[in-house]
Amino acid sequence: MMWKEQAKEHFIKCKPAEGCGLLAQKDGIDFFWPCKNLASHVNEEITFAIDPLDYAACEDSGAEVLAVLHSHVEGSSEPSEADKKNCKIFMMDWYIYSVQDDNWYYMSTESC
């Protein structure tokens, strides 16, 4: 999956802040859409917040947003309580990448 490699590169560049982005699809092809993490500049209690302009630009490109992606810089890729809560609120699948452990966690809307 090429998009996972692209997302990993983006997340590593975002350190020490969490990275974020979207899994999107256009013309049957899945791809990673990098997003600015607004939380890294505003509030240390909130670990990531996707810039709504980036989300809108992804949709405006004609792509369908399939999932939210973000990284955990330290620790495992297991979802935090905030991850579970936001997965339910936004009703979107969630992918979490652990930079420390180099692994992924997938959380579907049915399992969050």
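Tabulated values for the structure
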| read-out | value |
| --- | --- |
| Carbon and sulfur %, accessible surface of the chain computed with the full protein complex present, 1.4 Å | 52 |
| Mean Cβ count within 10 Å, highest first, over the residues of peptides 94-106, 54-66 | 94-106, 54-66 |
| Segment 85-95 - phi-based ³J(HN,Hα) in whole Hz, Karplus 6.51/-1.76/1.60, Gly and Pro as x | 4, 5, 4, 5, 4, 8, 6, 10, 4, 9, 10 |
| Glu81 accessible area, 1.4 Å probe, all protein chains in place, Å² to nearest 10 | 130 |
| Per residue accessible area of the chain, 1.4 Å probe, in Å² | 59 |
| Separation in nanometres of the label points that stand 7 Å from Cα toward Cβ, at Leu53 and Phe31 | 2.1 |
| For Asp30, distant residues with modelled amide H under 5 Å away | none |
| Residue-count net charge about Ser98 - beta-carbon cut-off 13 Å; Lys, Arg +1, Asp, Glu -1 | -3 |
| Computed accessible area, Lys26, all protein chains, 1.4 angstrom probe, square angstrom | 80 |
| Test item: Cα-centred dipole of the chain, Lys/Arg +1 and Asp/Glu -1 on Cβ, debye | 60 |
| Vicinal HN-Hα couplings computed from phi for segment 67-79 (Karplus, 6.51 cos²θ - 1.76 cosθ + 1.60; Hz; Gly/Pro x) | 7, 9, 10, 7, 10, 10, 6, 10, x, 7, 8, 4, x |
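The values are calculated or read from the model by the stated rules, or taken from the named source; none is laboratory data. Since we're looking at a predicted model, the values are computed, not measured. Every residue, glycine among them, receives a Cβ derived from its backbone with ideal geometry; neighbour counts consider all protein chains shown. Just so you know, the surface numbers come from the protein's heavy atoms only, side chains and all, with ligands and any DNA or RNA stripped out. Shrake-Rupley method; radii C 1.70, N 1.55, O 1.52, S 1.80 Å.
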